[in-house]
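Inspection log for the structure reproduced underneath, given as structure tokens.
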Amino acid sequence: MISVRGLTHRYGQQQALRLAEWKVAQGERWLVLGPSGCGKTTLLHVLAGLVRPTEGEVEVSGESLRRLEGARLDRWRATTVGIVLQALHLVKHLSVRDNLRLAQYLAHVPRDDARIADTLGALGVAEKAARRPSELSQGEQQRVAIARAVLNRPKLLLADEPTANLDDQSALKVVDLLAEQAARHGATLVVATHDARVKGKFRERLEL
Amino acid sequence: MNLATLSASYLRARPLQTVLSLMLLALGVGTIVLLILVTSQLEERMHRDARGIDLVVGAKGSPMQLILSGIYHLDAPTGNIPLASAGELAKNRLVRKAIPLALGDSWKGYRIVGAPHDYPALYDARPAAGRLWEKPMEAVLGAEVAARTGVPVGGTFAGAHGLGGEGQEHAGEPYTVVGVLGKTGSVLDRLVLTGIESVWEVHHDAGEAARQVTVLLVQYASPLAAAILPRQINAQSELQAASPAYETARLFRIVGVGVEALRAFAAVLILAAGLSVFIALYTALEERRYDLAVMRALGGSPARLFGLLMTEGIVLAVLGAAIGLGLGHGLAAAMGAWLQSQQQYPISGMEWRHEELWVLAVALAVGVMAALLPAWRAYRTDVARTLAQA
């Protein structure tokens with residue numbers, strides 16, 4: 001599913017990420033661990049095709065990311081990768097339902113309100129569909145962000161520091177939800193975190 | 001969900017800035033549309049009213065006043081001229097036709113004009129009901145006069161001295177309405193027509209020698225007359241000749257300064273609206289940078305983000321222009337209703353001019369130009385860096 005060889009990424013003169021080799025099989029659940037600034041977020045951005053690495057080869061779902069660019073890369077990202085960001089970044093003036101419709105629209109997926117309802121239902125926030133993000137609790141917003149990430153049935157689900165600012169119980173619950181959703185859709189899950197509370201959640205770990 | 005609904009949701013999320021941009025654009029477009037409607041309709045109607053009249057002859061005074069009173073019935077006449085002088089001029093070989101008009105009285109603010117049948121014929125006016133006048137004290141109402149006064153054929157009325165309708169009523173000499181003219185869209189719609197003899201009779205005709213008319217509407221017999229006749233007439237001590245073409249052009253030059261100033265003001269409003277749209281979109285970029293980055297992360301292409309910002313500019317421009325168009329036509333209709341109540345030149349809010357399409361195109365171009373730079377910045381969003389800064 002994921003194959004990384006000789007990966008290096010630099011911002012100017014500063015090295016942000018170095019990873020000699022990493023292989024992930026389809027459906028596996030990985031934790032990417034390390035302190036702040038070690039390159040966890042950069043690795044997720046590379047895997048999502050948002051950052052073109054300075055050196056190295058990265059293949060995701062059989063596609064060499066170096067060969068993808070422009071509209072093809074955007075289309076590939078929309079259909080292959082789902083991302084849950086640390087700050088969630090739901091569009092605040094759109095309802096929960098419209099935030100998910102936006103994800104379908106941007107991915108050129110035909111509008112499918114039944115799938116939206118089903119996805120929200122699976123995450124326990126179906127009744128919040130007409131609400132705006134500001135009307136939801138932090139935990140509910142987190143679930144909506146996960147719903148948005150898995151809506152288009154991605155093969156790879158990425159989560160960047162999903163437990164930041166959450167209490168112990170909520171942190172563990174969010175990681176469980178991510179794992180549950182990844183399993184439900186047969187997606188590979190990569191969670192980047194420096195949160196010691198969730199270290200024991202997955203067997204597969206990558207230390208940066 | 002599409003670009004238009006997404007843009008609309010962003011615009012709704014910033015109601016104050018959106019309304020401000022819309023108001024500025026609507027005011028600018030509305031002002032220009034109003035000016036276009038008023039000036040074009042006035043020019044068109046004034047040209048229509050002066051059609052077939054090469055020269056207006058009357059008493060000495062302001063030539064523009066002579067034109068305004070003799071053709072458009074808007075101003076007070078410069079005075080009267082002896083019937084004998086008018087008759088002599090009518091026989092001039094350079095004159096093909098001369099139509100004398102006698103003014104002086106009015107009814108409910110509508111001017112009573114003593115004239116021969118040639119006068120309605122000049123505007124191809126025919127009775128829609130009844131017939132033209134044949135005998136003294138018979139009157140024919142213009143279409144607007146009949147509609148607003150409600151006096152039918154067979155009804156009677158008494159004129160009042162003076163052109164404003166506030167003078168002493170000639171109660172002893174009532175007119176009988178024998179006909180109503182069909183609508184012509186010309187000055188005739190606002191006039192009461194009668195024979196010249198009626199005007200003399202109301203003003204106690206003192207006999208042939210003392211008879212007067214107010215103006216003479218002249219058609220040239222040949223192009224040469226344009227060079228000779230006005231000079232000939234103006235050389236006489238008691239007569240003055242004024243060219244409608246020259247005087248109306250002069251009038252529009254005078255009025256044109258004010259119109260141009262208003263047009264420039266409206267252009268400034270439209271530019272200010274463009275600036276407002278630009279500032280609204282540009283400042284909104286800062287608060288939306290994470291939204292835009294997330295949209296890219298969700299698979300949105302740079303072109304789609306560019307389109308989103310451009311659509312917002314275009315939506316604002318189209319809405320502002322549409323509101324401005326409605327505003328301009330609404331104001332023209334309101335102005336027209338007021339002018340009609342004052343028996344002045346009517347202006348319609350229901351007419352459309354092709355120049356309005358240019359105004360809409362300019363408004364659209366302003367919206368596009370204002371959105372270009374914000375849209376370009378959205379296109380260039382550095383997704384990873386923006387998300388990393390969150």
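All of the numbers you see were taken from the coordinates with simple rules; none came from a lab. Just so you know, these numbers come straight off a predicted model, no measurement behind them. No Cβ is skipped: glycine too gets one built from the backbone with ideal geometry, and neighbour counts run over all protein chains shown.
See the values below:
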| quantity | calculated |
| --- | --- |
| Around A:Asp74: net Lys/Arg minus Asp/Glu count, Cβ-Cβ under 10 Å | +4 |
| For the protein assembly as shown, average projected area of the Cα convex hull in nm² | 38.6 |
| Entries in A:Lys128/A:Lys201; A:Lys40/A:Lys128; B:Lys97/B:Lys183; A:Lys128/A:Lys199; B:Lys60/B:Lys135; B:Lys135/B:Lys183 that, when Cα-Cα distance is taken, lie over 26 Å | A:Lys128/A:Lys201; A:Lys40/A:Lys128; A:Lys128/A:Lys199; B:Lys60/B:Lys135 |
| Kyte-Doolittle mean at least 0.5 and Cα axial length at least 24 Å: DSSP H helices in chain B | B:15-50, B:244-297, B:302-341, B:355-379 |
| q = 0.20, 0.24, 0.26 Å⁻¹, segment A:134-208: log10 I(q)/I(0) [Debye, one scatterer per Cα] | -0.86, -1.20, -1.36 |
| Dipole magnitude of segment B:223-297, debye to nearest 20 (Cβ charges: Lys/Arg +1, Asp/Glu -1, about Cα centre) | 160 |
| Alpha carbon convex hull of chain B, volume per residue in cubic angstrom | 164 |
| √(5λ) per eigenvalue of the Cα gyration tensor, segment B:253-390, largest first, Å | 43, 14, 11 |
| Radius 15 Å from Cβ of B:Leu309, net charge of other residues (Lys, Arg +1; Asp, Glu -1) | +3 |
| Separation of the A:Glu135 and B:Ile228 label points, Cα + 7 Å toward Cβ, nm | 8.9 |
| Nitroxide proxy distance, nm - points 7 Å out along Cα→Cβ at B:Leu372 and A:Asn165 | 3.9 |
| Cα-centre dipole for the protein assembly as shown with unit charges at Cβ (Lys and Arg positive, Asp and Glu negative), debye to 20 | 2740 |
| Separation between Cα centres of segment A:50-109 and segment A:137-208, rounded to whole Å | 17 |
| Label-point separation in nm, B:Glu173 to B:Ala267, each point 7 Å along Cα→Cβ | 5.4 |
| From phi via Karplus (6.51, -1.76, 1.60), per-residue ³J(HN,Hα) for segment B:178-184 in Hz, x at Gly/Pro | 10, x, 10, 6, x, 5, 10 |
| Karplus-derived HN-Hα couplings along segment B:94-103 (A = 6.51, B = -1.76, C = 1.60, θ = phi - 60°), whole Hz, x at Gly and Pro | 7, 9, 7, 9, 10, 10, x, 10, 10, 10 |
| 10 Å Cβ neighbours from other chains, averaged over peptide B:375-388 | 3 |
| P(r), alpha carbons of segment B:251-324 - 5 Å bins starting at zero, rounded % | 4, 13, 16, 17, 13, 11, 8, 6, 4, 4, 3, 2, 0 |
| Mean-position separation - Cα centroids, segment B:315-387 and segment B:163-196, in angstrom | 43 |
| Net charge over other residues, Cβ less than 15 angstrom from the Cβ of B:Leu37 (K, R count +1; D, E count -1) | -2 |
| Modelled FRET efficiency - R0 25 Å, B:Asn2 with A:Arg153, Cβ distances, 0.05 increments | 0.70 |
| Choice from B:Gly150, B:Gly28, B:Gly52 showing the highest fluctuation, given a GNM over chain B with Cα pairs closer than 10 Å | B:Gly150 |
| Residue-averaged beta-carbon neighbours from other chains (10 angstrom radius) around A:84-95 | 5 |
| Selected from B:Gly299, B:Gly61, B:Gly179 as most flexible by GNM, with chain B as the system and alpha-carbon contacts under 10 Å | B:Gly299 |
| Residue (of A:Val150, A:His108, B:Tyr110) at the positive-pole extreme of the protein assembly as shown, dipole from beta-carbon charges | A:Val150 |
| Scaled radius of gyration (Cα, divided by 2.2 N^0.38 Å) that chain A gives | 0.99 |
